[in-house]
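Novice: Here's a structure for you.
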Amino acid sequence: MRALMWVALALLLLVVLVPPRVTAGEGWLASRGLLRRRRVRTDRLVGVRWSDGVSLRLVLRDLDGARVALDPRVLIANPQLWQLLDAGARSSLVRGTLLCGATALSQLSERIDREAAHSRSTRAGMRRRPEDTGSDRRP
């Protein structure tokens, strides 16, 4: 009985802790976990919003009613995914199907740009000066 409980606990932790795999192509984005796969058409988005909860998630919804929730850190870590999502969202805006979510996408775009600039400056060996951060304290 005790071994069965440990196996059940291990399976539960596996399901909860394994992150979903996010893939994208031209006009679509998919998230695949252990138990399910969700896919949205990025060129037919109707809504993009931030979810409320313990962890920040970006929720995408398309015309067919499909929904994908993903961690924005995935898009920050993989600029190619972000470019595919952004291109699809722009085509949704042009078509007029994206009714709400332009603000969430612009916030995410600004965050990705900040992170990219920070990583480039870190790789180049640059440090922030106190006057750049608005702080008068010296390190």
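The values are calculated or read from the model by the stated rules, or taken from the named source; none is laboratory data. Since the structure is predicted, the reported quantities are computational estimates derived from the model, not experimental observations. Cβ atoms come from the backbone with ideal geometry, glycine included; neighbour counts cover every protein chain shown. In case anyone asks, the SASA skips ligands and DNA or RNA and just uses the protein heavy atoms, side chains included. Shrake-Rupley method; radii C 1.70, N 1.55, O 1.52, S 1.80 Å.
Novice: For the pair A66 and L9, what calculated FRET efficiency results from E = 1/(1 + (r/R0)^6), where r is the Cβ-Cβ distance and R0 = 35 Å, to the nearest 0.05?
Specialist: For R0 = 35 Å, the calculated efficiency reads 0.60.
Novice: Let me ask something additional. For T97, what residues show an amide H to amide H distance below 5 Å, using hydrogens built from the backbone and excluding near sequence neighbours?
Specialist: none
Novice: Leaving out ligands, DNA and RNA, what percent of the accessible area of the chain is carbon and sulfur, probe 1.4 Å?
Specialist: Ligands and nucleic acids excluded, carbon and sulfur give 55 percent.
Novice: In addition: Calculated from the structure, mean projected area of the Cα convex hull in nm² equals which of (1) 14.8; (2) 10.5; (3) 13.0?
Specialist: Recomputing mean projected area of the Cα convex hull in nm² here gives the entry labelled (3).
Novice: From the helices alone, meaning DSSP H stretches of at least four residues, give me the mean residue ellipticity at 222 nm for the chain, per-run term -39500 (n - 2.57), in deg cm²/dmol to the nearest 500.
Specialist: That comes out to -15000 deg cm²/dmol.
Novice: Find the relative contact order for the chain and round it to a whole percent, using C-alpha pairs within less than 8 Å whose residues are 6+ positions apart.
Specialist: Taking the mean separation of contacting Cα pairs over the length of the chain, I get 19 percent.
Novice: What's the FRET efficiency of V54 with R21 using the Cβ-Cβ distance as r and R₀ = 22 Å, to the nearest 0.05?
Specialist: 0.55
Novice: Give me the 1.4 Å probe accessible area per residue for the chain, excluding ligands and nucleic acids, in Å².
Specialist: Using a 1.4 Å probe on heavy atoms only, each residue of the chain averages 73 Å².
Novice: Highest mean first, how do 57-67, 40-50 rank when packing is the count of other Cβ atoms within 10 Å averaged over residues?
Specialist: With the highest mean Cβ count within 10 Å placed first, the list reads 40-50, 57-67.
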